[in-house]
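The structure appears below as structure tokens.
What follows draws every value from the coordinates through simple rules; no lab data is involved. Worth saying up front: this structure is predicted, and the values here are computed from it rather than measured. With ideal geometry, Cβ positions are generated from the backbone for all residues, glycine too; neighbour counts draw on all protein chains shown.
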Amino acid sequence: MSWNPPNQHPPCNTCRVLLLIDVQVNMLRDPEKGGVPSSQTVRQNIENVLNTARSEKHPPRIIHVRNSGEAGDPDEPNSPGWQLSLPPLLHEPVLDKKKNNAFAGTMLGELIPTNAEVIVIGMQSDYCVRATCSAALDRGNVVILIKGAHATFDRNEIWNGGSVTRAHLIEAEIEAELEEAGVNLLDMKDLPELFTDR
């Protein structure tokens with residue numbers, strides 16, 4: 001936990017939360033330098049979602065979650081790759097996690113009421129996004145995942161002749177799995193109405 005609540009912060013619609021998971025420099029580098037294949041597009045989409053949320057008259061609670069890897073990992077704490085790609089505002093909490101489920105070992109459960117609608121964006125679709133969406137559903141939250149605003153890496157299929165499953169296929173698989181579990185999927189075209197009453 002690296003967030004100290006300020007004395008005052010803007011009004012917040014606590015029944016709606018925008019959760020940014022692992023939107024870190026190491027994930028959003030150029031693919032040639034180790035970022036996810038869709039780094040340029042997904043970064044722009046995440047930034048658009050964040051800017052839209054911040055511009056609302058009654059913005060959602062905005063929470064940034066940052067993964068902390070082991071020594072030598074691309075997201076080793078305090079390394080350049082560990083830093084958030086989109087700097088948080090002073091009133092936006094930043095939580096550091098060590099597990100895929102962002103609720104595990106953090107104060108996230110204290111910051112998100114169980115009756116809140118949780119809008120999820122970030123990385124990686126098949127790890128932290130999947131685990132955190134599932135945990136939020138288990139708590140009773142309404143969960144929304146934004147297509148085009150989450151991403152992962154290509155997957156080497158060690159047990160399948162060394163073939164590669166492309167990231168966009170994995171992202172689609174996770175969307176289908178989470179939708180079946182009860183997560184609501186929205187597209188970037190839904191952004192203008194995303195933070196309004198539905």
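Some points to look at:
- Just one of (1) more than 23 Å from G35 (Cβ to Cβ); (2) part of a strand (DSSP E or B); (3) of a type in the set (A, V, I, L, M, F, W, C) fails for L89. It is (2).
- Qualifying residue in segment 136-147 (condition: within 14 Å of the chain's Cα centre (by Cα), within 20 Å of Q24 (Cα to Cα) and crowded, with 20+ Cβ neighbours inside 10 Å): yes
- Residue match in segment 86-105 (condition: aromatic (F, W, Y) and farther than 21 Å from I144 by Cβ): no
- Whichever residue in segment 21-80 is at positive phi and free of Cβ contacts under 8 Å to residues at least 60 places away in the same chain and, among such residues, is farthest from the chain's Cα centre (by Cα): G72
- Just one residue in the set E92, E157 is crowded, with 18+ Cβ neighbours inside 10 Å and in contact with a strand residue (DSSP E or B) (Cβ under 7 Å, 6 or more places away or on another chain); that residue is E92.
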